[in-house]
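Heads up, the thing below is written out as structure tokens.
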Protein chains: 2
Amino acid sequence: MTPRADTDTATRILDVAERLVQVRGFNAFSYADVAAELQITKAALHYHFASKADLGSALVARYTGDFIDALEGIDRTDGSAMQKLEHYAELYCSVLERRRMCLCGMLAAEYQTLPTGMRDSVLAFFDRTEDWLAEVIEQGCDDGSIRAAGSARDTARLVMSCLEGALLVARPYGDVDRFDAAASNLLRTLTPAPPTSIRRPAHSAKTRSAASVV
Amino acid sequence: MTPRADTDTATRILDVAERLVQVRGFNAFSYADVAAELQITKAALHYHFASKADLGSALVARYTGDFIDALEGIDRTDGSAMQKLEHYAELYCSVLERRRMCLCGMLAAEYQTLPTGMRDSVLAFFDRTEDWLAEVIEQGCDDGSIRAAGSARDTARLVMSCLEGALLVARPYGDVDRFDAAASNLLRTLTPAPPTSIRRPAHSAKTRSAASVV
DNA sequence: GTCTATAGGCAGATAGAC
DNA sequence: GTCTATCTGCCTATAGAC
């Protein structure tokens, strides 16, 4: 029935559109780009997502859900708070390795031109990420694996901003080491004792798999 | 002779285009937008800047020059290295107060879609900023006003990435305090003794003037 | 669900008058 | 230097057949 049995059309549309937005931005991709890549027509796209705003909102919703799932996966590892932060940084690193920007980081840059329905969703992504970070940092201050100079909330904002910015700047250079250095340098400032590097030695297959969802 | 005696047309074009790129992005502004605001025609714009790529390159060149000028102005204040970092953070804060993104931070997000002639210029902006920061941090490690966990170069990259990211995230919230908290929290991690807040008390008129050039 | 065909608009850019 | 007029192309979106 479906052209390809493994994945339905709506999902394949989201996959392609997500990559295009993360690489080019919401304002720099078109229905024609997605249609050409999937070898369907623009009209078929409009059947699944009536407007570009609808497609954009679906992208943010799915991305946020996948990201939260990844964060909950990190929680289940039962590592120290600092180890959780290292896993969190790996999520961003895996985005850069695929030559992408964080979807919501990209949309934050384009915020003023976004359809209004997308704006609150982008902020919600940051809010939920920040909530998770604040909880981890709070936990780390208690168990002694993290030493925060400010409040847990402010430190969470610092960490998130720093990784978003490291992604933003490192990507044009195509330099993963540049991101790694910033991330590990940041986490070192939050560590009573210096943490191990966040990328070497190589990660397990499970960790990689979890990281690639975003 | 000129429509307005105080500023020539090319400069007014750059002023408007710069703001539009910082607010909306390079891909989300048009010659029509600039022309309408200046009440001239698109054809007149093409006389001054033959192509959008030319206009974009001119924007980056001017912005970089102004930014370097501001950094050199900071050098002339003869404050401590930490005070120089605080002034540096104020430059970014003043961008946010005008509801803008750093021009080159915005272009970094759009990097993959930029005319090739603009790309190297964007990286050059980051390189030169990073060089300045590395020198200041080196100086601070010597005079004892800065305690860096990693190398001066890596710390410079951390600081720049962090402020770019704080700008990226805080702007959609329209929340200057969110940026301030991240910036002062960052600088606190680099301080042997806690620094004063980077925004309060109010700055001198001279400092504000220097900050608004970017 | 996917197609063809097309509407209506805006993009960047150019020619040539003044 | 600035204008009018226009070109070509791409954009989002819709109508209606299959």
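The values are calculated or read from the model by the stated rules, or taken from the named source; none is laboratory data. Note that the coordinates shown come from a computational prediction; the quantities given were computed from them, not determined experimentally. So basically every Cβ, Gly included, is an ideal-geometry build from the backbone, and we count neighbours across all protein chains shown.
Let's see how each residue does on (1) among the hydroxyl-bearing types (Ser, Thr, Tyr); (2) in contact with a helix residue (DSSP H, G or I) (Cβ under 8 Å, 6 or more places away or on another chain); (3) under 18 Å from B:VAL169 (Cα atoms); (4) at pLDDT below 95:
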| residue | (1), (2), (3), (4) |
| --- | --- |
| A:ASP6 | no, no, no, yes |
| A:ALA17 | no, yes, no, no |
| A:GLN39 | no, no, no, no |
| A:ALA43 | no, no, no, no |
| A:VAL60 | no, yes, yes, no |
| A:CYS102 | no, yes, yes, no |
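Results for (1) more than 8 Å from every other protein chain (Cβ to nearest Cβ); (2) among the polar types (S, T, N, Q); (3) buried (at least 22 other Cβ atoms within 10 Å of the Cβ), shown as yes or no for each residue.
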| position | (1), (2), (3) |
| --- | --- |
| B:ASP142 | yes, no, no |
| B:ARG147 | yes, no, no |
| B:SER151 | yes, yes, no |
| B:ARG157 | no, no, yes |
| B:LEU163 | no, no, yes |
| B:VAL169 | no, no, yes |
| B:VAL176 | yes, no, no |
| B:ALA181 | no, no, yes |
| B:ASN185 | no, yes, yes |
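Annotation note: of A:ARG19, A:ARG119, A:ARG98, the sole residue that is over 22 Å from B:PHE26 (Cα atoms) and either within 14 Å of chain B (Cβ to nearest Cβ) or within 16 Å of DNA strand C (Cβ to nearest atom) (or both) is A:ARG98. Within the range A:22-51, if we keep just the residues that are away from DNA strand C (no atom under 12 Å from the Cβ) and of a type outside the set (Val, Ile, Thr), the residue that is farthest from the other protein chains (Cβ to nearest Cβ) turns out to be A:SER51.
Residue under question is A:VAL60, and the condition is that it be near DNA strand D (Cβ under 9 Å from one of its atoms) and buried (at least 22 other Cβ atoms within 10 Å of the Cβ); does it hold? Judged against the criteria, A:VAL60 is not a match.
Among residues of the range B:22-50 being crowded, with 18+ Cβ neighbours inside 10 Å and farther than 15 Å from B:ALA10 by Cα, the one that is farthest from DNA strand D (Cβ to nearest atom) is B:GLN22.
Within the range A:39-67, residues that are among the polar types (S, T, N, Q) have Cβ atoms under 8 Å from residues that are more than 16 Å from DNA strand C (Cβ to nearest atom) and part of a helix (DSSP H, G or I) in these pairs: A:SER57/A:GLY117; A:SER57/A:MET118; A:SER57/A:SER121; A:THR64/A:CYS104; A:THR64/A:SER121; A:THR64/A:ALA124; A:THR64/A:PHE125; A:THR64/A:ARG128, counting only partners at least 6 apart in sequence or on another chain.
Taking each residue of the range B:15-38 that is in contact (Cβ under 8 Å) with a residue 60 or more places away in the chain and looking for partners that are within 13 Å of DNA strand C (Cβ to nearest atom) and among the small types (Gly, Ala, Ser) with beta-carbon atoms closer than 8 Å, six or more apart or interchain, yields B:VAL21/B:GLY56; B:PHE26/B:GLY56; B:ASN27/A:ALA28. Residue selection: A:ILE13 satisfies the criterion of being within 16 Å of DNA strand C (Cβ to nearest atom) and buried (at least 21 other Cβ atoms within 10 Å of the Cβ). Considered as a group, the residues in the range B:101-116 that are touching a residue at least 60 places away in the same chain (Cβ under 8 Å) and more than 10 Å from chain A (Cβ to nearest Cβ) include one that is surrounded by the fewest Cβ atoms within 10 Å (Cβ to Cβ), and that residue is B:PRO115.
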